[in-house]
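Peer 1: Below is one structure. I have some questions about it.
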Amino acid sequence: MDGIPPSVEFLETGARLPGSGRRGAFVAYRDLVHVAASVRGLRLSTRAGVLGIPRVFLSGTGAAVQVAHALRERVAMLPDGAERLRWMEALDQILLRAARPRLTQVLLGVCALLFGLQVLVPGLTEAGALHLELAPIEPWRMVTGHFLHETFGDGLAALASPHLLLNGLGLWALGSFVERLLGPVRTAVLLLLAGIGTVWASTAAGYPVVIGASGLVMGLVGALIVLEFLRPQLIPAPWRIHRGLLLGLVAGDLLLSGFLPGVAHAAHWGGLSGGALGAWVVTARLAPGQPAGSSLRSVGIASGMLVLLGLTGLGWSMLAPDQASLRRASRLIEDPSASPGLLNDEAWMIAISEDVGEEHLAVAERMAARAVNETARGNPSLLDTLAEIAFLRGRSEEAVGLIEEAIRLAPRISYFREQRRRFLGERAADDRPPEPTPPEAPRPEPFPLPEEGLRV
């Protein structure tokens, strides 16, 4: 046959192709999903995997094209050959018309924008992080937490955050690949399920605070696994990778992250599972290049609206922090499941705010008092918060009594003694002493640890 190298043998049921082994490789015509020739050689995609034949084994690029053409002719002779060829041509069109991954670019832009604001605007991370106790009160956190990242420093040093760089790289590489295969609508749907899986797993694991796009990235990994093992017929041959390599990369990533402190491992698995489920759903009975139906488009639009609503909620909480704080505090008081630590933190943030009003202080005092009572007055920090609020409301004697309780519980901490001097007038009323900080422990880890309780 003209142009076919002698190392290629066409048999009745399949072709024997050259390779690194002595006998090369045998591929049955009925197993072929896609055949593509390029300057690198020949790529054959089957339901069981992908086979690459370098052009050095085929006597050049022209021979690769001829072999690809001959293989498609053999496939056309099968009983369902015409349908198989149409499928291959649809995969050819995906390669030729690979659209820009606009959804992926938008998601990266949101991550970059919010990260810049995190560096510039104090309190943004706290206002938008997925705080599991606050999420029912401020539901936007279930959205914005996916787009915030740990800065690991201040100023310009924060821009080199490994958290953002690694997640951004994963989102770009995997998101671009999946979006070019499935389109932006289906990709948005599977990312929605990945986000839901991340939140659910974080809740089940009891993580106090979670930030980062890792769950979405792992959702794309789950989608890639489903595509490769359950829907390989949707991937053009040049875009497929060997399954062993894919599983090795996934296992390596999960094992490596397992040894890093402060990583939300359960959230990663939740995102992986959600993305895999999403990919399985949106690719059911899907042909290559098939546009999304009206139902999927509606879910995709809803996903975009959820992101916009989440960003709007975060923006409102930052532009009107007093109203957001008062609303949050009022809801927490009525929530019997709110922990003493959360009540105390919210009360303290109100107490140290600038130009805090009497209405805010009244709500903060109710939260602080409840926290103190629920801990049987055994936590000096909680007593300090209640004392601070009493002092700000003009009840100095009560503040002194509360801080003396704290001193008896923690006599070695000078902060509480300085607070007593302030309440007694021996220190200026606006001269609040620096809060005590625990001594830093050695950190041999390759990356800096995030804040206590924060998972990334």
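Peer 1: Considering the stretch 319-332 alone, what residues qualify as being surrounded by 16 or more Cβ atoms within 10 Å (Cβ to Cβ) and not basic (Lys, Arg)?
Peer 2: Ala324, Ser325, Leu326, Ala329, Leu332
Peer 1: Hey, among the residues in the stretch 189-202 that are under 13 Å from Gly271 (Cβ atoms) and among the β-branched types (Val, Ile, Thr), which one's surrounded by the most Cβ atoms within 10 Å (Cβ to Cβ)?
Peer 2: Thr198
Peer 1: All but one of (1) closer than 15 Å to Ala15 by Cβ; (2) touching a strand residue (DSSP E or B) at 6+ places or on another chain (Cβ under 9 Å) hold for Met77; which doesn't?
Peer 2: The single condition Met77 does not satisfy is (2).
Peer 1: Scanning for something closer than 30 Å to Gly128 by Cα and β-branched (Val, Ile, Thr), does the stretch 68-80 turn up at least one residue?
Peer 2: The answer is no, given that none of the residues of the stretch 68-80 is closer than 30 Å to Gly128 by Cα and β-branched (Val, Ile, Thr).
Peer 1: Are any residues in the stretch 354-395 in a loop (DSSP other than H, G, I, E, B) and free of Cβ contacts under 8 Å to residues at least 12 places away in the same chain, and if so, which ones?
Peer 2: Glu354, Asp355, Ala376, Gly394, Arg395, listed by residue number.
Peer 1: A further question on this structure: Could you grab me the full set of residues in the stretch 77-88 that are free of Cβ contacts under 8 Å to residues at least 24 places away in the same chain and either surrounded by 14 or more Cβ atoms within 10 Å (Cβ to Cβ) or touching a Gly at 6+ places or on another chain (Cβ under 8 Å) (or both)?
Peer 2: If the condition is that a residue be free of Cβ contacts under 8 Å to residues at least 24 places away in the same chain and either surrounded by 14 or more Cβ atoms within 10 Å (Cβ to Cβ) or touching a Gly at 6+ places or on another chain (Cβ under 8 Å) (or both), then Gly81, Leu85 are the ones that fit.
Peer 1: While we're here: Can you pull out every residue in the stretch 219-270 that is within 24 Å of Trp87 (Cα to Cα), charged (D, E, K, R) and assigned to a helix (DSSP H, G or I)?
Peer 2: Glu228, Arg243
Peer 1: If Ala284 passes every condition in (1) at negative phi; (2) part of a loop (DSSP other than H, G, I, E, B); (3) of a type outside the set (Ser, Thr, Tyr); (4) at pLDDT below 90 but one, which one does it miss?
Peer 2: So the condition that Ala284 fails would be (4).
Peer 1: If you don't mind, another one. (1) surrounded by 23 or more Cβ atoms within 10 Å (Cβ to Cβ); (2) assigned to a helix (DSSP H, G or I): which one isn't true of Phe177, the others all being true?
Peer 2: (1)
Peer 1: Right, here's the next one. If you take the residues of the stretch 364-386 that are among the aliphatic types (A, V, I, L, M) and surrounded by fewer than 20 Cβ atoms within 10 Å (Cβ to Cβ), which of them is nearest to Arg432 (Cα to Cα)?
Peer 2: Ala369
Peer 1: Across the stretch 282-318, which residue is surrounded by the fewest Cβ atoms within 10 Å (Cβ to Cβ) among those that are touching a Lys or Arg at 6+ places or on another chain (Cβ under 9 Å) and among the β-branched types (Val, Ile, Thr)?
Peer 2: Thr283
Peer 1: Additional query: If Leu256 meets every condition in (1) out of contact with any Lys or Arg (no Cβ under 6 Å at 6 or more places or on another chain); (2) at pLDDT 90 or above; (3) surrounded by fewer than 23 Cβ atoms within 10 Å (Cβ to Cβ) apart from one, which number is that one?
Peer 2: Going through (1) out of contact with any Lys or Arg (no Cβ under 6 Å at 6 or more places or on another chain); (2) at pLDDT 90 or above; (3) surrounded by fewer than 23 Cβ atoms within 10 Å (Cβ to Cβ) one by one, Leu256 breaks only (2).
Peer 1: Then there is this: Search the stretch 12-49 for residues being β-branched (Val, Ile, Thr) and at pLDDT 90 or above, and hand back the single one that is farthest from Pro236 (Cα to Cα).
Peer 2: Here the residue is Thr13.
Peer 1: Out of Arg40, Arg30, which single residue is free of Cβ contacts under 8 Å to residues at least 60 places away in the same chain and under 36 Å from the mean Cα position of the chain (by Cα)?
Peer 2: None of the other options fit; the residue is Arg40.
Peer 1: Here are Glu426, Glu405: which of them is in a helix (DSSP H, G or I) and either over 42 Å from the mean Cα position of the chain (by Cα) or surrounded by fewer than 18 Cβ atoms within 10 Å (Cβ to Cβ) (or both)?
Peer 2: Result: Glu405 is the single residue among Glu426, Glu405 that is in a helix (DSSP H, G or I) and either over 42 Å from the mean Cα position of the chain (by Cα) or surrounded by fewer than 18 Cβ atoms within 10 Å (Cβ to Cβ) (or both).
The values are calculated or read from the model by the stated rules, or taken from the named source; none is laboratory data. A quick note: this is a predicted structure, and the numbers were derived from the prediction, not measured. Every residue, glycine among them, receives a Cβ derived from its backbone with ideal geometry; neighbour counts consider all protein chains shown.
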